[in-house]
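What follows is one structure encoded as structure tokens, with my remarks underneath.
The values are calculated or read from the model by the stated rules, or taken from the named source; none is laboratory data. Nothing here was measured: the structure is a model prediction, and the numbers come from that model. Neighbour counts are summed over all protein chains in view; Cβ atoms, including those assigned to glycine, are modelled from backbone coordinates with ideal geometry. What goes into the accessible areas is simple: the full protein's heavy atoms, side chains included, and nothing from ligands, DNA or RNA. Shrake-Rupley method; radii C 1.70, N 1.55, O 1.52, S 1.80 Å.
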Amino acid sequence: MSKQIAPPAQAGSYRAMTPVHGMPWRVRRALVVAVSALGIAACSGGGAPTAAGPAGTASAGAPATAATAHPATAVNPDETGDDVAITREELAKAKPVTAEHAMVVSAQHEATQAGVEILKQGGNAVDAAVAVGYAEAVVHSCCGNIGGGGFMNIRLKDGRSLFLNFREKAPLKATPTMFQDADGNVVKDRSTDTYLGVGVPGTVMGLNTALKKYGTMSLKQVMAPAIKLANEGYVLQQGDIQSLGPHTKAFAEHANVAAIFLNDGKAWQVGERLVQKQLGHTLQLIADGGTDAFYKGPIAKAVVAASDANGGILSLKDFADYTVQWEKPLQCEYHGYTIVSAPPPSSGGTTLCLILQIIKPYDFAKWGYGSVNTVHYLVEAERRAFADRNTYLGDPAFVHNPIDELLSPEHAAKLRAGILPDKATPSSEISGSLGAPEGNHTTHYSVVDKDGNAVAVTYTVNFLFGNKQIAGDTGFFLNDEMDDFTAKPGVANGAGLVQGVINQIEPGKRPLSSMTPTIVLRDGKVFMLTGSPGSATIISSVLESFLNVVDFGMNMQQAVNAPRLHQQWYPDVVYVGKGMLTPEAQQTLEGMGYTFKTFRGGAVEAILVNPKTGLLESANDDLRRPAGLAAGY
């Protein structure tokens with residue numbers, strides 16, 4: 001009979017890190033285990049190691065090298081920046097940025113400052129969020145955009161929770177087999193590198209709709225920082241170069257792209273100023289003419305003309321008919337916290353909540369961060385939740401999403417009962433469990449204002465720089481969001497996700513997303529905002545940034561910096577950050593049937609409201625997005 005793996009022994013006291021937020025002793029104790037486990041990542045000068053303990057506890061030695069990658073299709077981790085490992089000392093010293101009144105955190109420092117500027121002028125969180133969104137379209141063009149789409153999660157000071165869906169839509173001429181050849185085979189790169197991969201953009205209508213309904217400032221006011229950054233340029237830092245540099249060859253393939261994103265044919269360098277006059281003109285058209293300037297005016301005409309010239313199927317009617325949708329956010333409970341997250345067509349909130357329901361009975365705080373037990377049960381919960389995600393979820397305008405069934409206690413108990421205590425479950429033995437069904441390349445930002453309004457936004461062009469093409473002289477990259485549909489049931493998409501007919505391509509349909517802008521409440525008040533890029537890994541990054549705080553007692557910066565893991569059903573691989581596992585823990589887990597591959601995970605941009613001090617504590621993921629910034633006043 002299988003035996004339960006013994007939980008790791010408590011590590012010795014580690015006084016360099018102070019427990020946070022008045023958490024109970026079991027969480028404070030877990031903090032010691034978490035820090036001790038991360039101490040294994042030290043390459044030199046790592047300080048005195050803790051004593052060796054049972055599998056999953058901290059012990060001396062270098063980090064384990066990840067096992068050979070599974071031959072299945074790989075997930076697409078965030079491609080900006082290098083893989084990172086963090087030592088015990090580095091994690092212990094990590095401290096969040098604090099502010100008394102308001103806070104903005106985003107993946108690009110100029111965009112963050114644009115948001116802070118709006119807040120200081122008297123704008124609210126929605127005003128600032130719209131300003132950041134437009135500014136990122138200029139200074140973080142890999143991911144920030146006006147050519148893509150996304151979701152906005154809002155918590156107003158009066159207690160209302162709102163969710164705005166501005167996800168892209170498939171063109172009216174789209175068909176379920178448009179990415180297949182005559183023999184039914186999926187054509188490589190057709191959904192990512194061509195105009196056929198472009199969905200109808202939603203960002204401009206989304207940002208403008210939120211501003212008009214819940215903002216306090218004019219569109220011209222909140223767009224002014226972005227227009228200035230485009231017309232006058234901004235000085236490139238190393239983090240910006242890490243985003244732009246790897247795509248030099250792709251930029252050179254199109255003359256109008258090369259004219260902006262290359263400097264006389266060469267890659268931009270640190271300290272140089274990137275000016276984008278064409279984008280500035282496009283943004284000014286929007287500031288002057290509003291939403292119609294984008295969807296019914298010269299911008300739409302330019303995109304459709306470029307689509308026609310390059311074999312695409314976009315039409316002026318696609319733009320004129322585009323709509324955004326106010327939705328009811330999805331909510332669930334975990335150990336006294338209320339998670340308010342993304343409903344379909346995002347899979348993020350549902351999958352996040354299903355994982356939390358499965359793991360709720362387990363004592364992660366006792367077991368500790370990176371322990372064998374924690375990793376084992378978290379991986380198995382993710383494996384089962386992603387199987388359901390990939391089988392049952394899609395655009396609610398087209399399909400029924402069985403949310404109540406998926407998030408019921410009975411369903412979680414059924415999935416939990418199938419987890420073996422000392423053995424990995426092969427993904428081939430897991431399927432969508434309700435019966436037959438009827439981008440790392442993204443960016444997230446969070447805003448809290450002086451009145452307590454909170455906004456979490458995740459938006460994207462899918463892969464970095466979308467399809468890497470710009471329509472004429474519009475100055476902005478177009479998305480390749482059509483790749484998020486099922487090109488063919490059972491065939492992995494660009495993120496390695498194997499999906500079914502629920503998410504097949506249909507005219508006017510929004511593709512299933514993993515974007516998970518999340519607001520966490522405690523006693524009805526905002527406690528935390530979190531979100532991440534990273535395609536399917538978004539869900540794991542958001543989940544673990546939350547668990548690191550509430551179960552493992554980390555402060556906001558530690559929770560963001562800590563290495564993470566990810567499992568998405570297929571491929572049957574566990575992606576794990578460097579330094580998360582001790583050599584002993586990895587060896588034990590491999591003996592249980594797990595295969596590991598290193599990954600970095602997405603750049604979480606989070607804010608925490610400290611219930612003891614009332615201060616806002618924020619963390620830019622500067623290990624993964626060094627160009628980002630948390631700032632407030």
Note on TYR134: of the conditions (1) outside any loop (DSSP other than H, G, I, E, B); (2) at pLDDT 95 or above; (3) surrounded by fewer than 20 Cβ atoms within 10 Å (Cβ to Cβ), unmet is (3)
Just the residues that are crowded, with 20+ Cβ neighbours inside 10 Å and assigned to a loop (DSSP other than H, G, I, E, B), please, taken from region 597-621. PHE599, ARG600, GLY601, GLY602, ALA603, VAL604, ASP621
How many of the residues in region 264-291 are open to solvent by 80 Å² or more (accessible area, probe 1.4 Å) and over 14 Å from GLN237 (Cα atoms)? 5
Neighbours by Cβ (under 7 Å, 6+ apart or cross-chain): first from region 297-324, among the hydroxyl-bearing types (Ser, Thr, Tyr); second surrounded by 14 or more Cβ atoms within 10 Å (Cβ to Cβ) and assigned to a helix (DSSP H, G or I): SER307/TYR195; SER315/VAL304; TYR322/MET205; TYR322/TYR295
Going through region 234-274 in order, the residues found to be part of a loop (DSSP other than H, G, I, E, B), in contact with a helix residue (DSSP H, G or I) (Cβ under 9 Å, 6 or more places away or on another chain) and more than 21 Å from LEU629 (Cα to Cα) are LEU262, GLY265, ALA267, TRP268
Looking at region 611-631 only, could you name the residues that are farther than 24 Å from VAL550 by Cα and among the small types (Gly, Ala, Ser)? ALA627, GLY628
Within region 622-633, which residues are assigned to a loop (DSSP other than H, G, I, E, B), among the aliphatic types (A, V, I, L, M) and open to solvent by less than 50 Å² (accessible area, probe 1.4 Å)? ALA627
Single match in LEU164, LEU172 (criterion: closer than 19 Å to PRO345 by Cβ, open to solvent by 30 Å² or more (accessible area, probe 1.4 Å), touching a helix residue (DSSP H, G or I) at 6+ places or on another chain (Cβ under 8 Å) and not acidic (Asp, Glu)): LEU172
Scope region 334-354; condition of a type in the set (Phe, Trp, Tyr) and open to solvent by less than 10 Å² (accessible area, probe 1.4 Å); matching residues: TYR334
Could you say whether any residue in region 460-469 is closer than 30 Å to ALA230 by Cα, open to solvent by 10 Å² or more (accessible area, probe 1.4 Å) and modelled with pLDDT of 95 or more? yes
Could you tell me how many of the residues in region 107-128 are hydrophobic (A, V, I, L, M, F, W, C) and not in a helix (DSSP H, G or I)? 1
What are the residues in region 405-418 that are hydrophobic (A, V, I, L, M, F, W, C), within 28 Å of the chain's Cα centre (by Cα) and either open to solvent by 30 Å² or more (accessible area, probe 1.4 Å) or within 10 Å of ILE358 (Cα to Cα) (or both), if any? LEU407, ALA412, ALA413, LEU415
Go through the residues of region 498-512 one by one and say whether even a single one is open to solvent by less than 10 Å² (accessible area, probe 1.4 Å), at pLDDT below 95 and closer than 30 Å to LEU156 by Cα. yes
Residue count, region 520-573, condition of a type outside the set (A, V, I, L, M), assigned to a helix (DSSP H, G or I) and touching a helix residue (DSSP H, G or I) at 6+ places or on another chain (Cβ under 7 Å), comes to 5
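Yes/no per residue for (1) of a type in the set (Ser, Thr, Tyr); (2) surrounded by 23 or more Cβ atoms within 10 Å (Cβ to Cβ):
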{"site": "LEU529", "(1), (2)": "no, yes"}
{"site": "ALA562", "(1), (2)": "no, yes"}
{"site": "TYR575", "(1), (2)": "yes, yes"}
{"site": "THR595", "(1), (2)": "yes, no"}
Here is a list: PHE319, PHE294. Which entry is more than 19 Å from TYR134 (Cα to Cα), assigned to a helix (DSSP H, G or I) and open to solvent by less than 30 Å² (accessible area, probe 1.4 Å)? PHE319
Report whether or not LYS173 is at pLDDT 95 or above, over 30 Å from THR338 (Cα atoms) and charged (D, E, K, R). yes
Please verify whether LYS212 is of a type in the set (D, E, K, R) and either touching a helix residue (DSSP H, G or I) at 6+ places or on another chain (Cβ under 7 Å) or closer than 24 Å to PHE463 by Cα (or both), treating the condition exactly as stated. no
All but one of (1) within 25 Å of VAL573 (Cβ to Cβ); (2) part of a loop (DSSP other than H, G, I, E, B) hold for PRO343; state the number of the condition that does not hold. (1)
Note on GLN557: of the conditions (1) under 23 Å from THR442 (Cα atoms); (2) open to solvent by less than 10 Å² (accessible area, probe 1.4 Å), unmet is (2)
Looking at GLY245, GLY202, which is the one that is surrounded by fewer than 20 Cβ atoms within 10 Å (Cβ to Cβ) and not hydroxyl-bearing (Ser, Thr, Tyr)? GLY245
Find all pairs meeting these conditions: Cβ atoms under 6 angstrom apart; at least six residues apart or on different chains; first residue within region 330-353 and within 21 Å of ALA397 (Cβ to Cβ); second residue assigned to a helix (DSSP H, G or I) and not aliphatic (A, V, I, L, M). LEU330/GLY349; SER341/GLY349; ALA342/GLY348; ALA342/GLY349; PRO343/GLY349; SER347/ARG389; THR351/ARG389
